[in-house]
Amino acid sequence: MKLHSIALAIACATGAVLFNTTAYAGGIPGAPAPFDQGGVRVALVNYLSSGDYFQAYEAGAQKQAKALGIDLRIFEGRQNAAEQREQIEQAINSGAKGIVINHGLPESLKDVVQQALDKGIKVVAFDVDIDNPKVPQVEQSDRALANLVLTQVVKDNGTAFSAGYVYVAGFAPLDRRNEAWKTFKAANPQVKEKAQWGAVDDQTANSVANQAGAVYRAHPEISVVFAPYDEFARGAALAADEAGIASKLKIYSADISTSDIEAIRKPGSPWVATAATNPAVIGEVSVRAVALLLAGQDPGHRIEVAPTLITRDDLLKNEIKTMADLGRKFPAFRASDAAQASWIPQ
Ligand code: SR1
């Protein structure tokens with residue numbers, strides 16, 4: 001077996017994907033150590049990898065890593081807390097100087113993260129609260145994100161309606177969005193939540209669609225669905241189409257991707273608004289944050305990227321059909337100045 005095939009076989013067995021870097025493999029002229037030499041090893045350990053959001057996040061992380069001359073090893077997420085712990089241990093033993101943790105269950109990660117920190121490895125967490133002052137937290141201002149889209153809910157539907165809510169507890173961004181939803185309901189007592197459902201698995205949209213079909217049959221009075229994760233919204237919309245009730249329902253979500261844009265733009269789509277950042281930009285920010293730590297610089301403890309509200313009308317009026325079109329209209333979808341420094345190449 002050739003060396004490349006052996007490396008590939010190991011990567012498949014461990015869930016790791018290896019990428020060679022080229023852009024600044026020999027180091028960035030004028031950058032602080034260790035980036036002046038290049039070849040800095042960093043691991044990205046995911047809890048979830050399926051779905052548009054996480055694929056775009058990984059692509060953004062890879063792009064920024066390449067620009068920094070980082071040798072990024074990506075561990076695929078399989079919604080398995082024990083496996084994610086093992087992957088972090090593998091990252092520690094592989095000589096990684098930095099680790100980015102993307103989602104996960106805090107209780108199963110805190111001690112293994114401490115092991116990494118004790119070995120001098122720098123750690124950044126995206127959307128999982130490691131609760132450690134040494135671990136910067138990247139997030140998308142989730143309460144603001146939920147409030148943006150709930151403001152649109154009121155604009156479109158007023159403050160008296162029957163709602164369905166898609167939620168799964170235990171994921172930091174969903175829990176933060178849930179706080180905003182609870183506050184919203186308390187402030188608007190005529191908003192009646194008739195049903196709550198949800199699933200996060202490797203087929204999230206289909207699982208949510210199956211549940212939503214039963215909910216719509218049991219509660220035909222539901223006119224608004226708050227589904228603050230694009231896979232949730234995709235499932236809620238699929239079930240509405242299948243039940244033939246798309247024209248009576250409005251679905252509000254979080255996140256955006258080219259295929260989400262296509263689904264929202266579809267004639268008669270019940271999915272009418274979302275609040276989102278560009279997940280590729282969040283991946284870039286996460287890698288820059290760990291790079292700053294490695295260079296002895298401070299990215300700050302809370303690194304927030306502000307979301308933008310996008311309505312179906314915005315997409316149609318501005319002929320936005322892809323994420324690239326969205327970036328042309330909204331600069332926040334092109335780049336973020338979070339965790340930036342003059343020596344970091346874009
Ligand atoms: C299961 S958690 C899903 C969320 O994680 C990211 O924050 C995305 O915004 C997505 O909505």
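The values are calculated or read from the model by the stated rules, or taken from the named source; none is laboratory data. None of these values were measured; they are calculated from a predicted model. Using ideal geometry, Cβ is built from the backbone for each residue, glycine included, and neighbour counts are taken over all protein chains shown.
What to note about this one:
- Listed by position, the helices (runs of 4 or more DSSP H) contained in the range 76-184 that have at least 2 residues being buried (at least 19 other Cβ atoms within 10 Å of the Cβ) and within 13 Å of the ligand (Cβ to nearest atom) are 142-157.
- Some residue of the range 40-51 being at pLDDT below 95, closer than 29 Å to T277 by Cβ and either surrounded by fewer than 20 Cβ atoms within 10 Å (Cβ to Cβ) or not assigned by TED's automatic domain parsing to the domain that holds I92 (or both): yes
- Only one of the numbered conditions (1) assigned to a helix (DSSP H, G or I); (2) in contact with a Leu (Cβ under 7 Å, 6 or more places away or on another chain) is violated by L72, and that is (1).
- Subset of the range 73-120 (residues that are within 23 Å of I303 (Cα to Cα), of a type in the set (D, E, K, R) and touching a residue at least 12 places away in the same chain (Cβ under 8 Å)): R73, K97, K110
- Sole residue being hydrophobic (A, V, I, L, M, F, W, C), touching a residue at least 60 places away in the same chain (Cβ under 8 Å), under 20 Å from A169 (Cβ atoms) and out of contact with any Cys (no Cβ under 9 Å at 6 or more places or on another chain), chosen from V128, V123, V42: V128
- Looking only at residues of the range 36-54 that are in contact with a Pro (Cβ under 9 Å, 6 or more places away or on another chain) and over 17 Å from V138 (Cα atoms), we find that the one that is nearest to the ligand (Cβ to nearest atom) is D52.
- S286 being in the same structural domain as A56 (by TED's automatic domain parsing), within 30 Å of L72 (Cα to Cα) and within 16 Å of the ligand (Cβ to nearest atom): yes
- Neighbours by Cβ (under 8 Å, 6+ apart or cross-chain): first from the range 212-232, touching a residue at least 24 places away in the same chain (Cβ under 8 Å) and among the β-branched types (V, I, T); second within 16 Å of the ligand (Cβ to nearest atom) and part of a helix (DSSP H, G or I): V225/A233; V225/A236
- Leading residue by the ranking (farthest from W343 (Cα to Cα)) among those in the range 24-61 that are assigned to a loop (DSSP other than H, G, I, E, B) and among the polar types (S, T, N, Q): S50
- Any hit, the range 209-222, residues being away from the ligand (no atom under 16 Å from the Cβ), at negative phi and hydroxyl-bearing (S, T, Y): yes
- Looking only at residues of the range 257-279 that are surrounded by 24 or more Cβ atoms within 10 Å (Cβ to Cβ) and of a type in the set (G, A, S), we find that the one that is farthest from the ligand (Cβ to nearest atom) is A273.
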